[in-house]
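Each remark here refers to the structure printed beneath this line.
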Amino acid sequence: MEGTPRTEVTLEPLDDWIVVQPLDDSETPAGLIVPANEAAQTRSGVIASVGPDVADVEPGDKILFARNAGYEVRLIRSPHRVTVLKREDLIARIHD
């Protein structure tokens, strides 16, 4: 609508949901970029935000989750896709 100020759309997860920015490539400590294998059963990502009922992980944590877990979402006016998934779908925290 004309005259309506634009607001920045954000995704705030509720309950035990988590918003993850998936990583398509993984970079080794030496700086080598290894392409993600499409046949792999897992994906990695960085947690963007967490719901109020989420424990043991926080925004900024790099995590591993099942490839088919959650829902892929793209916010309007944003080229980036995020994955929204339940806390129980996380497999591990990645330390590198």
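Any read-out appearing in this document is the output of simple, stated calculations on the displayed coordinates, not a laboratory observation. Keep in mind that what you see is a predicted model, and the values were worked out from it rather than measured. Cβ atoms come from the backbone with ideal geometry, glycine included; neighbour counts cover every protein chain shown.
Give me the distance in nm between label points sitting 7 Å out from Cα along the Cα-to-Cβ direction at E88 and D16, one decimal.
Label-label distance for E88 and D16, simple model: 0.6 nm.
Using the Cβ atoms and a cut-off under 10 Å, what net charge is assigned to the surroundings of I47, where Lys and Arg are +1 and Asp and Glu are -1? The partial results should precede the final answer.
Numbers: positive: K62, R93; negative: E58, D61.
That works out to 0.
Based on the mean of other Cβ atoms within 10 Å per residue, sort peptides 66-72, 79-85, 55-61 so the most packed one is first. Intermediate results must be reported in sequence, preceding the final value.
Numbers: 66-72: 13.1, 79-85: 15.3, 55-61: 11.6.
The densest-packed peptide leads the list: 79-85, 66-72, 55-61.
Using unit Cβ charges (K, R positive; D, E negative) and no other charged atoms, how large, in debye to the nearest 20, is the dipole of the stretch 38-79 about its Cα centre?
Values: 5 positive and 6 negative charges, 56 e Å.
Here the size comes out at about 260 debye.
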